[in-house]
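Undergrad: Provided herewith is a single structure, encoded as structure tokens, for subsequent inquiry.
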Amino acid sequence: MRLLHLLLPVSFSLLLSVSGVAASRPNIVILYADDMGYGDLAIQNPESKIRTPHLDQLAREGLRFTDAHSSSGICTPSRYALLTGRFHWRKFHGIVNSFGPPSFDAELTLPAMLQQKGYRTACIGKWHLGWNWNAIMRPGAKPDPKTGHAPADFDWTKPIPGGPRDRGFDYYFGDDVPNFPPYAWFENDRVITTPTVPLTITPKTAEGNWEARPGPMVADWDFHAVMPRITERAVAWIGEQRGRPEPFFLYVPFTSPHAPIVPTPEFAGKSKAGGYGDFVEQTDDTVGRILAALKAHGFAENTLVIFSADNGAEHYAYARIQNFDHRSSGPLRGLKRDLWEGGHRVPFIVRWPGIVPKNETTDALVSQVDLMATFASITGFKLPAGSAEDSHDLLAVWKSRAPSPRHTIVHNTNANGYAVRHQQWLFVATKTGAISKVPAWFDPANHYPPHDQPGELFDLSRDLAQRDNLYAQQPEKVAELRALLETVRQRGQVR
């Protein structure tokens, strides 16, 4: 059989590799941006002031979703949901704070599932899902209210349990969280660059606030060098897989364009949307470098690549409209933390040569929690009862743009705010979908009139900007969606 394969024409050999055994276990790469808005992807925002040529090309080589959602309007919950196939609000609402505990208990995770199907798994980048820091904390250590923990509060030579290695990843490299201590590099279950000083630097950021929380730091830590180092390690790891027989799963959660907004000098001033725009263009460059590495090492044709983001853009995006006429949310209302669509409708691209059609778009309603069931379908993994209970198999949607099996998503950012998306309807079960403060100048033409209703109802098929609250006009639809919200909250969305 090996000799026959060598004698086959290249095109037929490629067909075998894509449609045969290899296609049942493709390499899988997830590229996950941090705080990137729906309108920051140039190919879906004609008025964008930011160039994203590599992401645009990825979209032309695959399928672009225009109605895809993260689980939350903030980062830790969205990451948990993506990696478990469970809506975060079934367990928690907020982020893991500095030196916070793990977000997981015994949930089956996406990498652990793929490990069982013979995959090598790696996470390179931002983790932000917690560690068991008590295992290396010295007895009696307590954080100072102003300066946080001191470097001496920890035994940095010890392994730290509860991180990526305990959740199904064979390998981890990253900085955990770009604006949280410790400011140091991690590899697997250890800090490999020892923090010896407290955070002492507050350099001028390219846009927005500094946002780095106090705590231990490596003496020569350079915030501008974080994304380049993550990019470099991801590219190198791909090269290390060459010649190995097993498929791989690589999850690359970027630290950009999250604050602190610190593009490297080569990207400073490149965009027409300020420092944030420059950081997005640097993020796009990282995507290009990773895709080039896949191609250079012969992985491109049998690698499923997904690009998305954990939530919408940070509140600095309001000033970006005023200063640069760039709308990070595109036509959508809302930003990071909000229950409106701009808080959680995010870029979502799928490329899988020979399986997913090229240069197409779909308005199918999907969620990042659906990746778990979809990967299970692709690899032939039978999900056990009680796992990934909110996840739907999207493989038919990817392959033939079939109707989405998902009709409903429950949105949530904190314990006091819920919304439900059902078909074209968005019902916000609180008085307002805004959590971040909207500046007074933002709506001088009164496009978003205030209202005195106890909730909001929008028909997105005719009001994508969510300006016309139909709560008072359609009480029957409000009652229907309120009941649906409670039903979904009480049980998983049965596959």
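Here, each number is a calculation from the coordinates, and none is a lab measurement. The shown structure was predicted, so the numbers you read here are calculated from the model rather than taken from an experiment. Methodologically, a virtual Cβ is constructed for each residue, glycine included, from the backbone with ideal geometry; neighbour enumeration extends over all protein chains shown.
Undergrad: Ratio to report: Rg/Rh of segment 50-143, with Cα atoms as the point set and Rh obtained by the Kirkwood method; give two decimals.
TA: 1.06
Undergrad: Also, I was wondering about something else. Per DSSP H run of n ≥ 4, the term is -39500 (n - 2.57); total these for the chain, divide by its residue number, and report the mean residue ellipticity at 222 nm rounded to 500 deg cm²/dmol.
TA: -7500 deg cm²/dmol
Undergrad: Another question, if that's okay. Among all the aspartates and glutamates, which ones have a C-alpha under 18 Å from K146's C-alpha, if same-chain residues fewer than 8 places away are not counted?
TA: Straight-distance partners of K146: E211.
Undergrad: May I ask you to list the lysines whose Cα is less than 17 Å away from that of K437, ignoring any residue fewer than eight positions away on the same chain?
TA: List returned: K336.
Undergrad: After finding the eigenvalues of the alpha carbon gyration tensor for segment 191-248, what semi-axes result from the square roots of 5 times each, listed largest first in whole Å?
TA: For segment 191-248, the ellipsoid semi-axes come out as 32, 15, 9 Å.
Undergrad: For segment 88-187, what does the relative contact order come out to in percent, with C-alpha contacts under 8 Å and a separation of six or more?
TA: 34 percent
Undergrad: Next question. Over all Cα pairs of segment 101-222, how is the pair count split among 10 Å bins, expressed in % and running from 0 up to the last occupied bin?
TA: Bins of 10 Å from zero give 13, 41, 30, 14, 2 percent of pairs.
Undergrad: Among the listed pairs K117/K295; K295/K382; K431/K477, give every one whose C-alpha distance is greater than 21 Å.
TA: K117/K295; K295/K382
Undergrad: Take each of the peptides 383-396, 268-281, average the number of other beta-carbon atoms within 10 Å over its residues, and list them starting from the highest.
TA: Packing order, densest peptide first, comes out as 268-281, 383-396.
Undergrad: Something else now. Using 0.36 nm times the number of residues separating K91 and T361, minus their current alpha carbon distance, what extension gain do you get?
TA: Contour length minus the Cα-Cα distance gives 93.9 nm.
Undergrad: At q = 0.10, 0.11, 0.13, 0.14 Å⁻¹, what base-10 log of I(q)/I(0) does the Debye formula yield for segment 20-403 when every alpha carbon is treated as an equal point scatterer in vacuo?
TA: The Cα Debye sum returns log10 ratios of -0.60, -0.73, -1.05, -1.24.
Undergrad: Kindly write out, for segment 279-295 in residue order, the coupling ³J(HN,Hα) from the Karplus curve 6.51 cos²θ - 1.76 cosθ + 1.60 (θ = phi - 60°), rounded to whole Hz, with x marking Gly and Pro.
TA: With coefficients 6.51, -1.76 and 1.60, one gets 5, 5, 5, 5, 4, 4, 4, 4, 4, x, 5, 5, 5, 5, 5, 4, 5 Hz.
Undergrad: If you don't mind, there's one more thing I want to ask. Add +1 for every Lys or Arg and -1 for every Asp or Glu among the other residues with Cβ under 14 Å from the Cβ of W210, and state the total.
TA: For residues surrounding W210, the net value is -1.
Undergrad: Further question on the same structure: Using Stokes-Einstein with the Kirkwood hydrodynamic radius over Cα pairs, what translational diffusion coefficient do you get for segment 294-433 at 4 °C and a viscosity of 1.567 mPa s, in µm²/s rounded to a whole number?
TA: Roughly 76 µm²/s, to the nearest whole number.
Undergrad: If R0 is 25 Å, what FRET efficiency do you get for E486 and D105 from their C-beta distance, rounded to 0.05?
TA: Once the sixth-power term is evaluated, E becomes 0.50.
Undergrad: Evaluate segment 215-355: find the radius of gyration of its Cα atoms, find its Kirkwood radius, and give the ratio Rg to Rh.
TA: 1.01
Undergrad: What Kirkwood Rh does segment 302-362 have if only Cα atoms enter the pairwise 1/r average? Answer in Å.
TA: Computed over Cα pairs of segment 302-362, the Kirkwood hydrodynamic radius comes out at 13.2 Å.
Undergrad: Now for a separate question. Check which residues have an amide H placed less than 5 Å from Y183's amide H, if you skip close sequence neighbours.
TA: Answer set, sorted by chain and number: M217, V218.
Undergrad: I need the phi-derived Karplus couplings for segment 187-202: 6.51 cos²θ - 1.76 cosθ + 1.60, θ = phi - 60°, integer Hz, Gly and Pro marked x.
TA: Whole-Hz 3J(HN,Hα) from phi for segment 187-202: 9, 6, 10, 9, 7, 9, 10, 6, x, 10, 9, x, 4, 10, 9, 9.
Undergrad: May I pose another question? Looking at segment 371-468, which trypsin sites (Lys or Arg not before Pro) are in a loop (DSSP not H, G, I, E or B) and have at most 12 other Cβ atoms within 10 Å?
TA: Taking segment 371-468 and a limit of 12 other Cβ atoms within 10 Å, the loop trypsin sites (Lys or Arg not before Pro) found are K382, K437, R462.
Undergrad: Report the FRET efficiency, 1/(1 + (r/R0)^6), for N134 and A296, where r is their Cβ-Cβ distance and R0 is 51 Å, rounded to 0.05.
TA: 0.75
Undergrad: Run the reach check for K399 against lysines, Cα to Cα strictly under 20 Å, same-chain hits fewer than 8 apart removed. What comes back?
TA: K358
Undergrad: When all C-alpha to C-alpha distances in segment 375-495 are sorted into bins of 5 Å, what percent of pairs does each bin hold, rounded to whole numbers?
TA: Bins of 5 Å from zero give 2, 9, 16, 19, 16, 13, 10, 8, 4, 2, 1 percent of pairs.
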